[in-house]
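Working notes, structure below.
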Amino acid sequence: MRKQRNNMTAKQRDRANIFAALGDETRLSLVTTLSAGRPHSISRLKEGTQLTRQAITKHLRVLESAGMVRSVRLGRENHFEFDPNSLDEVKEYLDFVSEQWDQALSRLKSFVEDGTT
């Protein structure tokens, strides 16, 4: 039982890290860019922004620690690519929460309708 609880806590921590990482506008923008499918260098990700290379790197490291992007070495540069698998667990969780809300709203609707007839 304790092992299961620790496992659940780890899953919750992973989800929280992903939600926290996506909660920043810059990181959300980086994920959008990287989800197009190609790895990008920091220089390429910096194009069209006012951000420094250091700021881009900081945001990429947060996304990397949340498991959303990974660094790959291409030649002399590190490129970053999106890892779509990181969102599978979060999607399952959001589907679960959505189902819970649907059930709660259905019970509320039944209660209101049964109480007024």
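Quick notes on this one:
- Test result for residue 37, at positive phi and either open to solvent by 70 Å² or more (accessible area, probe 1.4 Å) or touching a residue at least 60 places away in the same chain (Cβ under 8 Å) (or both): no
Yes/no matrix, rows are residues, columns are (1) at pLDDT 95 or above; (2) among the charged types (D, E, K, R); (3) open to solvent by 90 Å² or more (accessible area, probe 1.4 Å):
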{"residue": "84", "(1), (2), (3)": "no, no, no"}
{"residue": "92", "(1), (2), (3)": "no, yes, yes"}
{"residue": "101", "(1), (2), (3)": "no, no, yes"}
{"residue": "112", "(1), (2), (3)": "no, no, no"}
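- Unique match (being outside any helix (DSSP H, G or I), open to solvent by less than 90 Å² (accessible area, probe 1.4 Å) and out of contact with any strand residue (DSSP E or B) (no Cβ under 8 Å at 6 or more places or on another chain)) among 57, 49, 26, 9: 49
- Some residue of region 33-46 being assigned to a helix (DSSP H, G or I), touching a Leu at 6+ places or on another chain (Cβ under 9 Å) and among the polar types (S, T, N, Q): yes
- Residues of region 50-68 that are touching a residue at least 12 places away in the same chain (Cβ under 8 Å) and either more than 16 Å from the chain's Cα centre (by Cα) or closer than 13 Å to residue 80 by Cα (or both): 51, 55, 56, 57, 59, 60, 62, 63, 64, 65, 67, 68.
The values are calculated or read from the model by the stated rules, or taken from the named source; none is laboratory data. As the structure is a prediction and not an experimental result, all values here were calculated from the model. Positions of Cβ are backbone-derived with ideal geometry, glycine not excepted, and every protein chain shown enters the neighbour counts. Ligands, DNA and RNA are stripped out before the accessible areas are found, and what is left, the full protein with its side chains, is counted by its heavy atoms. Shrake-Rupley method; radii C 1.70, N 1.55, O 1.52, S 1.80 Å.
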